[in-house]
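Values in this text are rule-based calculations from the coordinates and carry no lab data. This structure is a prediction, so every number in the text was calculated from the model and none was measured. Note that each Cβ is placed from the backbone with ideal geometry, even for glycine, and that neighbours are counted across all protein chains shown.
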């Protein structure tokens, strides 16, 4: 009887040791995988789906119950909110910093509503006091001439980007370029509007969302000659690497404005690819090539669009469209077959 109990006990001990060894090996492999930055979405044992237990901070398998990760970090707030006003009152963070504001959005503003914290209207004397505080707060936000310069330039960049429909990443890049030009003392002898326009033009080409010089001239307060001269100066002094504009980057915008189909857009891209392979795009305006490709693709797709409509959208002459689209059709005869 004693031998049987001892044997069974030793068997249980050996089994427990085997389970412990497997557990240690599994924890070691899991820690190594976690250390290597690998996050699995399936169970390493049975291949089932993993679920996250936020109450216990564990990641477990939904099928076999294996604990894959434990002691997870809760990155949410330590408070709860049940409506938007309660969430705003408990939140201790503000808007993220941005280069599109001269103070990077870290300063405070006095609200324009003449009401107190409880929503009650202020008296006439309090309204006058708050107006004086707003005036002085606006003055103190720009402490020196460099900040006033930056505030005016970033306002110009935001205005032109809004008029051209450029996204936030282009505005952010343009703000960084202008800050570099200001810090390296490139502005003496040049207008704020000219350097701001050149920075936005360079940023649009760097990000891959270009606009033509004529489009920038239409929304800028400087002429085309000053814009091109300042643009060359800025990219040369700052060492910016700006690739030549790709005609295909203009195609989606032209197609969208003309209300054409996706098939026309695809065919226009194919025409431009064939023209690049033939080497006829060198030395020609990318805007003219894109507009001509869109017009030629619309003709091949039997869509009704005139040269004057394409000319108005692309802001180029109809003569350029007539000359370019014939060249594109000649070099891509295989597409029209």
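Summary of computed values
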quantity	calculated
Listed residues 232, 253, 120, most fluctuating in the chain (Gaussian network, C-alpha, under 10 Å)	120
The chain: most fluctuating residue of 243, 206, 70 per GNM, C-alpha cutoff 10 Å	70
Alpha-carbon centroid distance for the pair the stretch 146-208 / the stretch 259-283, whole angstrom	32 Å
Exposure proxy ranking, count of Cβ atoms within 10 Å, fewest first, for 102, 56	56, 102
For the stretch 247-336: relative contact order, % (alpha-carbon pairs under 8 angstrom, 6 or more apart)	35 percent
Computed [θ] at 222 nm, deg cm²/dmol, the chain (DSSP H ≥ 4; -39,500 (n - 2.57); rounded to nearest 500)	-19000 deg cm²/dmol
Values of log10 I(q)/I(0), in the order q = 0.26 Å⁻¹, for the stretch 247-336 under a Debye, Cα-only, solvent-free model	-1.47
Highest-MSF residue in the chain out of 262, 172, 55 [GNM, Cα springs under 10 Å]	55
Likely footprinting exposure, 100, 160, fewest C-beta neighbours within 10 Å first	100, 160
